Protein chains: 2
Amino acid sequence: MLVWERPEPSNRPAPAPLSRKRIVRAAIRLADADGLDAVSLRKVAAALDVGPMRLYGYLATKDELLDLMVDAVYAEIRPAGDGWREVLRSLAETTRLAVHRHEWLADLIGGRPQLGPNALARGEAVVAALHGVEVDVVMPLVSAIDAYVIGAVRREIAERRAERATGMDQRQWQAAFGPYLERTFATGRFPALSTVVRDAAHLDADQTFRAGLGYLLDGIEVHIAR
Amino acid sequence: MLVWERPEPSNRPAPAPLSRKRIVRAAIRLADADGLDAVSLRKVAAALDVGPMRLYGYLATKDELLDLMVDAVYAEIRPAGDGWREVLRSLAETTRLAVHRHEWLADLIGGRPQLGPNALARGEAVVAALHGVEVDVVMPLVSAIDAYVIGAVRREIAERRAERATGMDQRQWQAAFGPYLERTFATGRFPALSTVVRDAAHLDADQTFRAGLGYLLDGIEVHIAR
DNA sequence: GTATCCTTCGATACAGCGTATCGCCTTGCG
DNA sequence: CGCAAGGCGATACGCTGTATCGAAGGATAC
């Protein structure tokens with residue numbers, strides 16, 4: 001049985017008032033501050049002044065906590081605007097911004113089916129906003145956008161973390177991995193790649209995201225227009 | 001302690017011939033068979049008839065092992081075909097097939113920057129095959145395809161696992177989550193979404209992947225043609 | 001008012017994890 | 001032949017998710 005259809009335990013006169021919402025809020029606070037590794041049932045319980053096993057009244061497993069965390073963030077995501085293109089564009093952008101606010105989401109997003117109430121509400125909002133679009137293509141469109149966004153933000157966050165790990169706050173990706181790449185390219189084994197990396201214009205994260213999103217939206221336009 | 005119960009000293013000058021390649025192969029075999037959770041340094045070491053700490057001569061950390069596993073699979077991925085569209089299409093399809101062969105890859109892909117030799121060789125092959133394309137757009141194109149593929153396969157594998165977990169071998173996604181979704185939709189809170197889910201044609205995983213990829217390639221065509 | 005039941009809390013325990021430490025044994029060298 | 005050096009791997013530490021179960025306490029029956 002899924003978490004969302006299982007009732008919470010009754011509000012007993014308990015030593016510490018607990019609820020799924022409070023548990024999830026505490027977990028998200030930990031994750032925002034110190035990453036997903038900082039989210040252990042023990043630490044979450046400690047943050048709520050409670051024994052670890054107390055949480056098992058509200059959660060069957062740690063994965064359920066992670067599902068609830070993801071679903072909680074989905075509540076922050078709502079597309080806006082008129083017309084299918086603006087709706088999908090804003091869906092992508094707001095999803096990306098949610099990941100920026102909660103970097104740990106990059107580790108979880110796309111990793112499990114999202115059937116929680118907030119994920120469904122997000123889906124409802126998107127589908128409702130796409131009222132003009134033929135019913136059979138709605139899901140493929142949304143799936144394509146979601147797939148692109150998931151992959152794009154994962155790569156973006158991965159890169160950001162790597163830059164951070166080098167200790168360099170420089171904006172240039174090249175500067176962080178430059179030495180290694182220079183040495184590797186010097187072997188001459190990657191002539192075409194090294195040419196592109198050295199000669200081509202480099203886009204920042206925002207530009208890269210929007211470029212790919214632009215391709216996708218333009219391709220969708222081809223199919224919708226007709 | 002008596003001699004009889006004292007083990008003989010190891011008579012092997014080279015107890016077990018080890019190498020990164022052998023370690024990574026063993027780890028991949030474990031992951032293919034039982035998933036990423038089955039890959040612990042202890043189990044990998046045991047599979048090689050070796051103490052766990054022995055691996056630390058070859059790896060600084062477990063994450064390095066995971067990076068090596070991913071890079072090893074990248075050696076399997078090479079685009080084929082002529083023309084930018086066929087190259088990118090085959091890049092996407094072969095990457096997806098690699099994930100099908102190694103489902104655990106869905107958990108790792110996009111999660112860390114890939115700078116290993118095989119990842120770079122894959123990049124080299126792609127860029128070289130895109131020789132006709134203007135140098136400044138090569139990376140954005142490849143990034144967009146990669147982002148889409150990463151997100152798409154993550155969702156696809158996530159769904160496949162969920163189906164498997166329900167124990168149903170039915171092909172219909174609806175059949176697995178149907179009861180829950182039916183009950184949820186019956187609340188009337190998701191009218192647009194439930195209409196689409198119920199009335200629209202349902203694509204299988206292959207069709208969904210190719211539909212999204214088609215949008216992306218068509219959108220790229222718009223930018224390249226001009 | 002008292003006794004009994006039934007729930008639920010949380011201390012304890014267990015198996016497994018990644019990895020730091022360090023003694024011992026093997027090996028190469030003088 | 002004796003010694004220094006180096007690497008192997010046993011042991012250990014702190015942490016994880018979660019199963020178990022004794023104890024406590026509110027609710028119910030008489």
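The values are calculated or read from the model by the stated rules, or taken from the named source; none is laboratory data. Here the structure is a predicted model, which means the values were calculated and not measured. Because the Cβ atoms are built from the backbone with ideal geometry, glycine has one as well, and the counts that use them run over all protein chains shown.
For the stretch A:47-76, taking the residues that are within 14 Å of residue A:17 (Cα to Cα) and not basic (Lys, Arg), the one that is surrounded by the fewest Cβ atoms within 10 Å (Cβ to Cβ) is identified as A:49.
Restricting attention to the stretch B:109-133, the residues that are surrounded by 20 or more Cβ atoms within 10 Å (Cβ to Cβ) and in contact (Cβ under 8 Å) with a residue 24 or more places away in the chain total 7. If only residues of the stretch A:205-226 that are farther than 18 Å from residue B:224 by Cα and charged (D, E, K, R) are counted, the one that is farthest from the chain's Cα centre (by Cα) is A:226.
On inspection, residue B:91 passes the criterion of being of a type outside the set (S, T, N, Q), buried (at least 19 other Cβ atoms within 10 Å of the Cβ) and in contact (Cβ under 8 Å) with a residue 24 or more places away in the chain. Scanning the stretch B:180-198 for residues that are within 9 Å of chain A (Cβ to nearest Cβ) and not in a helix (DSSP H, G or I) gives B:189, B:190.
Are there any pairs with C-beta distances below 9 angstrom linking a residue in the stretch B:53-74 that is aromatic (Phe, Trp, Tyr) to a residue that is more than 8 Å from DNA strand C (Cβ to nearest atom) and not in a helix (DSSP H, G or I), with the two at least 6 apart or on different chains, and if so which? Hits for this filter: B:58/B:18; B:58/B:19; B:74/B:114; B:74/B:116.
So is residue B:31 hydrophobic (A, V, I, L, M, F, W, C), in a loop (DSSP other than H, G, I, E, B) and either without any contact (Cβ under 8 Å) to a residue 12 or more places away in the chain or more than 10 Å from DNA strand C (Cβ to nearest atom) (or both) or not? Taking the combined requirement at face value, the residue does not satisfy it.
Scan the helices (runs of 4 or more DSSP H) fully inside the stretch A:43-150 and keep the ones with 3 or more residues being within 16 Å of DNA strand D (Cβ to nearest atom), within 12 Å of another protein chain (Cβ to nearest Cβ) and farther than 25 Å from residue A:214 by Cα.
Details: elements: A:62-74, A:83-101, A:105-108, A:117-129.
Output list reads A:62-74.
Here's a check for you: in the stretch B:72-102, which residue that is over 11 Å from the mean Cα position of the chain (by Cα) and of a type in the set (D, E, K, R) is nearest to DNA strand C (Cβ to nearest atom)? Looking at residues that are over 11 Å from the mean Cα position of the chain (by Cα) and of a type in the set (D, E, K, R), I get B:76. When A:218, A:206 are checked against the criterion of being more than 8 Å from chain B (Cβ to nearest Cβ), modelled with pLDDT of 95 or more and assigned to a helix (DSSP H, G or I), A:206 stands alone in meeting it. The residue that is nearest to residue A:136 (Cα to Cα), among those in the stretch B:176-208 that are in contact with an Asp or Glu (Cβ under 7 Å, 6 or more places away or on another chain) and surrounded by 15 or more Cβ atoms within 10 Å (Cβ to Cβ), is B:200.
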